[in-house]
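Every number in this text was worked out from the coordinates using simple rules, so none of it is lab data. What you are looking at is a predicted structure, and each value in this text was computed from that prediction instead of being measured. When we count neighbours, we look across all protein chains shown, and the Cβ atoms used for this are built from the backbone with ideal geometry, even at glycine.
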Amino acid sequence: MPSITREEVAHLARLARIELSDDELDHLAPQLDQIIALVGQVSQVAADDIPPTSHALPLTNVMRADENIPCLTPEQALSGAPASEAQRFRVPRILEED
Amino acid sequence: MSDLTRKTAAELAELMAAKQASSVEVTQAHLDRIGAVDGAVRAFLHVDTEGALAQAAAVDAKRAAGEELGPLAGVPLALKDVLTQEGVPTTAGSKVLEGWKPPYDSTVVKRLKAAGIVILGKTNMDEFAMGSSTENSAYGTTHNPWDLARIPGGSGGGSSAAISAYEAPLAIGTDTGGSIRQPGAFTGTVGVKPTYGGTSRYGLIALASSLDTPGPCARTTLDAALLHEAIAGWDPMDSTSINQDVPPVVAAARNGDVAGLRIGVVKELGGEGYQPGVEARFHEAVELLTKLGAEVVEVSCPHFEYALPAYYLILPSEASSNLAKFDAMRYGLRVGDDGTNSAETVMSLSREAGFGAEVKRRIMLGTHALSSGYYDAYYGQAQKVRTLIARDFAKAYEQVDVLVSPATPTTAFAIGDRINDPIAMYKNDLCTIPSNLAGNAAASFPCGLADEDGLPVGFHVMAPVMRDDLLYTVGAALESALAEQWGGVLMTKAPELEVTR
Amino acid sequence: MTAEVLEIEDALAQYDPVMGLEVHVELNTKSKMFCGCPTEFGAPPNTQTCPVCLGLPGALPVVNARGVESAIKIGLALNCEIAEWCRFARKNYFYPDMPKNFQTSQYDEPIAFNGWTEVVVDGETFRIEIERAHMEEDTGKSTHVGGATGRIQGASHSLVDYNRAGIPLIEIVTKTIEVPPAKAAAVARAFVSQLRDLLLALEVSDVRMDQGSLRCDANVSLKPSGTSVLGTRTETKNVNSFRSVERAITYEITRQAAVLNAGGKILQETRHWHEDTGITTSGREKSDADDYRYFPEPDLVPVAPSREWVEELRATLPEAPALRRARLQTEWGFTDLEMRDVINGNALEPIVATIELGVSASAAKKWWLGELARSANEQGVELDALPVGPAQVAEVQKLVDEGTLNDKLARQVFEGLLAGEGTPAEVIEKRGLALVSDDGPLIEAIERAIAANPDVVEKVNSGKPAAAGALIGAVMKDMRGQADAAKVRELLNAKLGI
Ligand SMILES: [Zn+2]
C-alpha cells in the first residue's frame, strides 16, 4: 500500500496553493511515495529522550532596540508589483474573508 | 600583458595595488572572457557589464585618490543569483521571479561593494537552490568546463563553472546541503561552506533557513580565504548570525601547516556507492597529509546514515513555508488575472506556472511533513536526528581536529543522467549534508582526477563550529603539496574551452 | 440571511452559554515587531514598509526588544507565568494581506501563560482565567473595490496597504469563562473594558478601539442547561467596542438557541459581527484547509527572558486594578453601590481625571454618571468618545462652586457642550445661563412671592419656618431658575424676620 495516495497529494496541492494538472498528480504521487519511504527512515532512530536541534550555536535573546530605520519609498515598495493602484498593491478579488 | 583571467584574485589584487593593471582592465578582461566562452558554459544568467565597469572605475578612482582599499579591491566576482543586489535582476533560477529587480542589497553584496569587489553578474543555479546539477534551473543547464556534456554540480553550478572557465577569479555560492562544495568538487575548484551563522543570510532568498550558508568559491585556497574574510562576520539583520570574530582564515591559508594536526577519516563516508577513482584520489590525499605531519585516524559517525532522510524532511518543510511568499500578489509572475479569477485562483495558477517540477515536489513533501498528525514523526524526529549528528561530530572532535571524506561519491555525471531519478540525485549530497545539519564549517578542495573519466575529485574537510580556519590549514597544505607533484594547481590540467567571438 | 433568534431570557432558560475570548492588542512600539519601520496610524499607503515587512525574498526578521518587554508586562499584569524559554512559530496560510503567507506568531510555547484576572459586574467579582498571551504580528489592510460599501462580497478587486503588516500584536486568550449564564455577556464586556484600562495603565498600547488597536474575537457555544454536553463553537471576529462585545455575545446566544430549538446544527465557523444591524453573519466554515502547519520559526532564535529582567519589569507594574478600585472607593467615600455604578458605567478613569483637576468626588460622579452617561448611552458610544472631557467637567463645576451656576444651569451648560456650542463660557453667554447675583431683582421677586402667597406667610409667622420653602420655590420659578437658591433663602429669611 502506498504511504501517500493521489487524493492526499491533491489535498497537499490545495494547502500549498498549487494548481497541479492531472498529469502532474499522476507523476507526483508515486515519486512522493518513494521519497517518503526514504525520509521515513528517521523514525528508525530511537530518539525519544533526545532534544531537537535547530541551529549550530544555541543562541538566545537576539533582539534589536525599538528604533526606526529608513523605509523603502512607496515607489520602491511597489516596484515589483504585478499591478498597483492608488499607491497600493492591486490584487484580484478576494473570495474569503480572513 | 599576460592573460589577466588566468591570474588568481590575490595576484590581480597585487597587480592593481602596484598600479600595473586597473580594475577596469581586469574587469573588461573577464567580461571579454564571458563573451567568449559563456555561450558554451552558460554560467551566467545576467551579466551586468555597465554596473561592473562603473564599480571598477570607482575603485580605480579611489585608488588614484590614494584612498585605503581592501585586499580584494577591484577584483571581479560572479554572484549566485540567489542573493539580492539592488536594481539587478535576481531570479533564484526560477520563472516565478523572472525580471524581478530587488530594491535592496543583501548583506553579502553590501560587504562585497564595501570591499571594492566588482560584481560581474548573476550566475545560474538550480531553481531556489533545489538540486545538484543546475538542471532544475528555469533558464537552462550550465555546462561543466571540464566536459561540456556534463553537469557542473549544483545548486551553485553557475558560480563554480564561472571560476573554472576563467570567467571570474571569485564567486559567491550558498550551501544548504552541499551547493558550494559539490560543484567545487565537480569543477576542480575550492568551495567553502562557512560555519552556519558565520556569514549573513540577509538578502539570501531562503531555501531552508536553518541550513542556508553563503560562502566563497575560488580557484585557490588563499583566494577563497580572502573572499571569506570579506563577507563573513556578525550581521544585526540576521538573528542567527554569530556575534564573534571571524576565524583567522587568511592567516591559515597562508600558513598551511598540518604538522601535528589530528585528522579523522569518517568510516561511514566511503565504500559501497563510491566511484573507485574518487576513493583512490581521496586516500592518496590522506597519505600526503600524513607525510606532511598530520596524524590520521579512522573515526565513526554512526548517525550520518540518517543525515540524508533528516535533511529531506527539514529542507522541504522549511522551503514549503519560505516559498509561500511567491504568490503573485506583491512581485513576480502573475498568471490568470483575467478580471474574473479570484486572488486564491490566481495564486494557485501562478505557482503552478512559476515553479518547476523539483520545487513542486519539495513543497509538497514539506507541506506533508508539517501537516497535522505528521509533524512529530517527520519534522520533529528529523530535528532530533540533527542532535544525534551534532553529537557524532562533537564526539569525533574530542579525538581529532578535523574530519575528512570524499566531497562526493562520484565525479560529475552527464547532463540528463539523473534528472528523472530524484533519489539518485539526492544521494550526491551524502557527504556534504551532515555539516549543514550540524552547522559546522566544511570545504571541498581539488585533489586530483579520477582515473575512469579524468574528472576532478574533491577532498572534503569538516571543521568544528567557528573553526573555519582549520579548513584552510588543510586546504593550503594539500594544495601546495599537490601543486608540487603536478607542477601547478589542478585547474591547469583543465582542457581549454573553445573560444567563440 | 437573518437567522431567527430567541429572546435572551428564553435562550438562557434552556441553554448555558460557554464562552471564551481572544483579544488582539496592537502595541505602541515605535517600530514594528520584526523590522525598523514606524507604526504610525493613518500614514499614506505603503510608506511604512521595508523588505522585511513586505516579505520580499531574502529579508529576515529581528525581534523588537520592546515588543517582548511589553508582552512580559502584559503577562505579569494578568498574573501569568512567564516562560523561561520560548520560541516563535510560523502559522502557515495564504492570504493576500499577509506578505510572507505565514504569520510569525507563537504556538505551543507562548511567552505568558496560566494567568487570571478579576472583573466586577453589578458589585459582584468574577475571576477570569487566562490561558495565554503570546506575541505575533499584524497583517496588511485590504480595501475592496467595486462592490457595495467596501464589502468583500461583490468586489471586483482589492487594494492592499502593508503599513500595518508587522506591527506587534499580543494575543490574549481566556480559558472558558465560567459565570452564571445571565451574566456571561456582561462579564465579557467588563473583561474587555478592564483589559483596556490595564493596557493603558501599562502604557504598552494606545488601545484605540476605533483604530483597531484592540480587537476582540468571541467564541460561543451552548449546552443544554445544567448538562455538560458541549456544543459546537462559533468564533465571532473583530468585535470592536465594549458594547459590541456584550451585544455580539448576546446575539450569538439567541441565534444558536433558535437554531438548536428548530432542530438545526451549529456549524463550526467564523462569523462576522455587524455593528449597524447588531447581528452576526456566517463567515468561513472551519475545514481541513485550516491546517496551519505550525513549526518553530527558523529565522529567529529562542527568547529566554532572564528572571532578573522579569522581576525588574514586575517592579514597574502599576497597581493592580482591583486594589486600585478598592483604594479609590475608600478615598472617595463611595458606597459599594455607588462604586459599582461607576465601574459599570466605565466612568472610573474620567472620574479620576476630573478629581485630579480639583473637583470633589461626589461632584465628579454626579456629572459623569448623570448628564454625560445619559448622553453617551443615547448616542450608543463610550464615555471617552464624547466631546466633553474631564477638563470641561472641572471648569463647569468650578463655576458652580463660585456661585455662577447652580446644578440646573450646569446641566444646561453640559447640554450646550455636548451639542458642540463651544467652551463653557461661550455656552453660558449664548444661552444666557448665569445666575442673577444682583439683590435688586431678587428682592422684587421675593416681594411678589410674598404678595401672592399670604397663606404661606401666615404659616411661617405662626411658627412653621419650614413652610418658607414654598416661597423659595416660587421665587426660583419667577427667576426661571437663574438664581442661587441659598442667596434667595438668605434674603427671604431677612424679609420675613426669621
Ligand atoms: Zn518594515
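Structure notes:
- Here region C:439-496 is described by how far its Cα atoms reach on the three principal axes: 30, 19, 16 Å, from widest to narrowest.
- Rg over Rh, two decimals, region C:1-77 (C-alpha only, Kirkwood Rh): 1.25
- Global form of region B:192-314, assessed from the alpha-carbon gyration tensor, a/c cut-off 1.5: oblate
- Per residue, the convex hull spanned by the alpha carbons of region C:87-183 comes to 165 Å³.
- Where the Cα pairs of the protein assembly as shown fall when distances are cut into 10 Å bins, in %: 2, 10, 16, 19, 16, 12, 9, 7, 4, 3, 2, 1, 1, 0
- Chain lengthening between C:Leu496 and C:Ala391 when straightened (0.36 nm per residue, less Cα-Cα): 33.6 nm
- Cα-based helix-to-principal-axis angle, A:6-15 vs chain A, degrees rounded to 10: 20
- Average partner coverage of C:469-478, which counts Cβ from other chains inside 10 Å: 0
- Computed Kirkwood radius, in angstrom, where 1/r is averaged over Cα pairs of region B:269-363: 17.9
- For region B:283-335, the pair-distance distribution built from all alpha carbon pairs, in bins 5 Å wide starting at 0, is 4, 13, 11, 9, 10, 10, 9, 8, 8, 6, 7, 4, 0 percent.
- Using only alpha-carbon positions in region B:98-181, the gyration tensor eigenvalues give semi-axes of 22, 15, 12 Å once each is multiplied by 5 and square-rooted (largest first).
- The label point for B:Ser2 and the one for C:Ala451, both projected 7 Å from the Cα toward the Cβ, are 13.1 nm apart.
- The value obtained for chain A, namely the Cα convex hull volume divided by the number of residues, is 272 Å³ per residue.
- Residue (of B:Leu388, B:Ala310, B:Val335) at the positive-pole extreme of chain B, dipole from beta-carbon charges: B:Val335
- Dipole moment magnitude, nearest 20 debye, the protein assembly as shown about Cα centre, only Lys, Arg, Asp, Glu C-beta charged: 800
- Nearest 10 degrees, 0 to 90: helix A:22-39 Cα axis against chain A principal axis: 70
- Point-charge dipole on Cβ atoms (K/R +1, D/E -1) for region C:439-496, about Cα centre, debye to 20: 160
- Each of A:Leu78, B:Ser155, B:Ala168 was scored by the projection of its Cα onto the charge dipole of the protein assembly as shown, and the greatest displacement toward the positive side belongs to A:Leu78; charges sit on the C-beta of Lys, Arg, Asp and Glu.
- Residue by residue along B:295-306, Cβ atoms of other protein chains within 10 Å of the local Cβ number 1 on average.
- Between C:Thr125, A:Ser21, B:Ala138, the Cα set farthest toward the positive side of the dipole of the protein assembly as shown (charges on each charged residue's Cβ, about the Cα centre) is that of C:Thr125.
- Label positions at C:Asn461 and A:Asn61, each projected 7 Å from the Cα along the C-beta direction, are separated by 9.1 nm.
- Charged-residue dipole, Cβ positions (Lys, Arg, Asp, Glu), chain C about Cα centre, Debye nearest 20: 360
- In the protein assembly as shown, helices alone account for a calculated mean residue ellipticity at 222 nm of -11500 deg cm²/dmol, with every DSSP H run of four or more residues adding -39,500 (n - 2.57).
- Radius, Kirkwood style, for region B:19-100 when every pair of distinct Cα atoms is counted (Å): 14.2
- Of the complete DSSP H runs in chain C, those spanning 20 angstrom or more by Cα along the long axis with a mean Kyte-Doolittle score not below -1.0 are C:184-202, C:242-261.
- Environment charge at B:Asn436 (Cβ cut-off 11 Å; Lys +1, Arg +1, Asp -1, Glu -1): 0
- Normalising the average separation of contacting C-alpha pairs (under 8 angstrom, six or more residues apart) by the number of residues puts the relative contact order of region C:346-433 at 26 percent.
- Per residue of peptide B:85-95, the mean number of Cβ atoms on other chains within 10 Å of the residue Cβ is 1.
- Using a cutoff of 8 angstrom between alpha carbon atoms and counting only pairs six or more residues apart, the relative contact order for region C:271-427 works out to 13 percent.
- Two-site label geometry, C:Ala470 and B:Ser480: point separation in nm, points 7 Å out along Cα→Cβ: 12.4
- With coordinates expressed along the principal axes, the C-alpha atoms belonging to chain B extend over 68, 55, 44 Å, beginning with the largest.
- Size check on region C:8-311: the Cα extents along the three principal axes, sorted descending, read 56, 53, 33 Å.
- Working ranking of peptides B:480-488, B:16-24 by packing, defined as the average number of other Cβ atoms within 10 Å per residue, highest first, is B:16-24, B:480-488.
- Potential lengthening between B:Arg262 and B:Val297 on full extension [0.36 nm per residue; Cα-Cα distance subtracted]: 11.8 nm
- Ranked by the mean number of other Cβ atoms within 10 Å per residue, highest first, peptides B:110-123, A:42-55 order as B:110-123, A:42-55.
- From the Kirkwood radius over Cα pairs of region C:249-400, Stokes-Einstein at 10 °C and 1.306 mPa s returns a whole-number translational diffusion coefficient of 77 µm²/s.
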